[in-house]
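The values are calculated or read from the model by the stated rules, or taken from the named source; none is laboratory data. Quantities reported herein were computed from a predicted structural model and do not represent experimental measurements. Using ideal geometry, Cβ is built from the backbone for each residue, glycine included, and neighbour counts are taken over all protein chains shown. Protein only, heavy atoms only, side chains kept; ligands, DNA and RNA dropped before computing areas. Shrake-Rupley method; radii C 1.70, N 1.55, O 1.52, S 1.80 Å.
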Amino acid sequence: MSPRKHGPSIPSLQILKATSVPEFLYPLLRAYLLGYASVVSPRLLQILVARVTRAKRARREALGLDLSWDEKPEGEGSGGEGSESGRGERRRKRVSVEEEGDTIQKILTTLKKCAQIHRFPAFCGITVGGSRLLQPLAETALGRTTSLLGIDALGGQKGEEVVRLLATFVASMVSGGVGMTVLNSGPAREDGSGSGMVGRTLDLTLIAVARALDVVVGSAWEEWKGVRRRRGIGGGGRGGKNWDWLEGVVERNVDSVVFAGNAAAIMYAFFYLPEKLPRAYQKWIEGMSELDQRVIIALQQIKRGEFIYGKDTGKKELLGGYCRSLGLPEELGDPAVTVPIPCLLVHSNKVKNCELHALYRFYRAWKAAFVMYIPLNLAVTIRRPSVRNLLKATLNAARSSTFLGAFVALFYYGVCFTRNRFGPAVFPGWDRLVWDNQVVVRVGCFLSGLSIWIEQRRRRMEIGFFVAPRALAVGLPRRYKREYLWRESMAFAVSFAVIMTALKKDKARVRGVFGRLLGRIVQ
């Protein structure tokens, strides 16, 4: 896939050109400023929004729309309204001054904290900028080393390119290792996991690992295509055309297949290994799925052999209480009485028919996703507003919302279809618990990933890069002892070195918005 001609604009570049900063420091400062802006901006916005919200509340209270600030004395008649209004106004002004000072203090504290050496902005400057600063030193050292050892087999321009790429790899690996070490040098966070536990940078490391794997696999694929053509595998006739067709199919669909596999792993972890997912991401899935936590706990108990059909294991209150909250008979949630637990509980008693319930879930998820996507897509049109761009942004938001709606609907229908349609019809003699013990969830996980083909091809790639690190995290501990931190640092350093070396050799090899943005930073 060829890169775009115009990469993302970086405002810090114009700022640096207007100063007397040496040009060789541009990559370091650009990376630092971009990292600083990415961390500070959302936090400042949150502080300002909270300040405006409090100011509106205080104004309403001062106008007498909400008397929660002051208790009105008993027996006070209409003549006291003026004095109370005065007290409310004075209090509003006093609170306003106090909150203004508190807001300024919070802003200053945020700006100061984000500038600390063990924060993300410094990490960006050290890794990205440091690799560029170390590049000439590494290149000189490697050049002299090869000369001293008499390694001149390559020679000429090809030899110089190999030395330059090797120097990029070494410089990037060193700066990446130092950056990760500095980022983890801050005070440990109290999370109840015990002293000496680390892992807060694991998601960042896995992002780099996923990107590096994409570079390695993509480079190997391009090398295979080149070897095939040079050796004439498939020939220039019908066989050659078949190979070209097969390669085209793979290239068009590999991102979608990878996403489907990663999404299945993430959804499985959501049900059975929730501690493997970032808490914020887990809450987002909960919000989109709208599945009651008691149903998830019941599935986990089935997996552990604690929730058994036709047997009283003391678990009837779990789904029995859920039935009460839905206005259904408690017996429907008792596994000793009701075999199997009806899909109506999975449907949250919204719709009885499984097919109609899938449509209902699609509509709910589509609406929630559209509210999320439409502001983001419209924001892109601010630079070039037009009716055509607005329509395109709306259609893109609707398409992405359809993808998420289908993702949720296919998962739910996969569960219902397996336990109510396919399982009993094809294997009527099987215990119904067999299907509810992970099988229905696995089928739902598989089907939900197929929804990615609804998205545009370029969006499939970006979504795939988003979920890949989270899927990788499923197989790793989220917290581990500090003595093993060097392993994570090494994984990040090598991955970062692979990315930077690929960027040096061929910018198109580092795909997506990330590749274009990183290319602009280090240019």
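What are the residues in the stretch 323-363 that are in contact (Cβ under 8 Å) with a residue 40 or more places away in the chain, open to solvent by 30 Å² or more (accessible area, probe 1.4 Å) and not β-branched (Val, Ile, Thr), if any?
Glu355, Leu359, Phe362, Tyr363, listed by residue number.
Picking from Asp506, Asp436, which residue would you name as being within 25 Å of Lys276 (Cβ to Cβ) and out of contact with any His (no Cβ under 7 Å at 6 or more places or on another chain)?
The conditions single out Asp436.
Would you call Leu395 open to solvent by 80 Å² or more (accessible area, probe 1.4 Å) and on the phi < 0 side of the Ramachandran plot?
Answer is yes for this residue.
In this structure, is Gly143 under 18 Å from Ser495 (Cα atoms), assigned to a helix (DSSP H, G or I) and either at pLDDT below 85 or not polar (S, T, N, Q) (or both)?
Considered against the rule, which asks whether it is under 18 Å from Ser495 (Cα atoms), assigned to a helix (DSSP H, G or I) and either at pLDDT below 85 or not polar (S, T, N, Q) (or both), Gly143 comes out as no.
Which residue, of Val467, Val440, is buried (at least 19 other Cβ atoms within 10 Å of the Cβ), of a type in the set (Val, Ile, Thr) and within 20 Å of the chain's Cα centre (by Cα)?
The match here is Val467.
Quick check on this structure: which one of Asn389, Asn377 is of a type in the set (S, T, N, Q), crowded, with 18+ Cβ neighbours inside 10 Å and either more than 17 Å from Ala264 (Cα to Cα) or in contact (Cβ under 8 Å) with a residue 12 or more places away in the chain (or both)?
Asn377
For the stretch 266-318, give me the residue count where each residue is touching a residue at least 24 places away in the same chain (Cβ under 8 Å), open to solvent by less than 60 Å² (accessible area, probe 1.4 Å) and charged (D, E, K, R).
Of the residues in that region, 2 qualify.
All but one of (1) at pLDDT 85 or above; (2) closer than 29 Å to Ala502 by Cβ; (3) open to solvent by 40 Å² or more (accessible area, probe 1.4 Å); (4) touching a Leu at 6+ places or on another chain (Cβ under 7 Å) hold for Ala171; which doesn't?
Result: Ala171 passes all but (3).
If Asp431 meets every condition in (1) more than 24 Å from the chain's Cα centre (by Cα); (2) without any contact (Cβ under 8 Å) to a residue 60 or more places away in the chain apart from one, which number is that one?
Status for Asp431: all satisfied but (2).
Can you confirm whether Leu149 is modelled with pLDDT of 85 or more, open to solvent by 40 Å² or more (accessible area, probe 1.4 Å) and hydrophobic (A, V, I, L, M, F, W, C)?
no
Suppose the filter is assigned to a helix (DSSP H, G or I), of a type in the set (A, V, I, L, M, F, W, C) and touching a residue at least 60 places away in the same chain (Cβ under 8 Å); does Ala369 pass it?
yes
Just to be sure before I move on: is Arg458 over 23 Å from the mean Cα position of the chain (by Cα) and either surrounded by fewer than 22 Cβ atoms within 10 Å (Cβ to Cβ) or of a type in the set (Ser, Thr, Tyr) (or both) in the structure I sent?
In short, no.
Does Ala263 satisfy the condition of being within 30 Å of Arg509 (Cα to Cα) and surrounded by 16 or more Cβ atoms within 10 Å (Cβ to Cβ)?
So Ala263 passes the test.
Go through the stretch 473-490 and count every residue that is among the aliphatic types (A, V, I, L, M) and either free of Cβ contacts under 8 Å to residues at least 60 places away in the same chain or outside any helix (DSSP H, G or I) (or both).
Number of matching residues: 2.
Among the residues of the stretch 1-24, which ones are surrounded by 15 or more Cβ atoms within 10 Å (Cβ to Cβ) and at pLDDT 50 or above?
Ile10, Ser12, Leu13, Leu16
Kindly indicate the residue of the stretch 174-213 that is modelled with pLDDT of 80 or more and not in a helix (DSSP H, G or I) and also nearest to Phe496 (Cα to Cα) among those meeting that condition.
Selected residue: Thr201.
Cβ-Cβ under 8 Å, sequence separation 6+ or interchain: first residue in the stretch 100-111 and farther than 18 Å from Thr53 by Cα and open to solvent by 40 Å² or more (accessible area, probe 1.4 Å), partner modelled with pLDDT of 80 or more and not small (Gly, Ala, Ser). Which pairs?
Leu111/Val40
Answer yes if at least one residue in the stretch 488-511 is at positive phi and open to solvent by less than 60 Å² (accessible area, probe 1.4 Å), and no otherwise.
No, the stretch 488-511 contains no residue that is at positive phi and open to solvent by less than 60 Å² (accessible area, probe 1.4 Å).
Return yes when Phe403 is in a helix (DSSP H, G or I), among the hydrophobic types (A, V, I, L, M, F, W, C) and over 22 Å from Val443 (Cβ atoms) and no when it is not.
no
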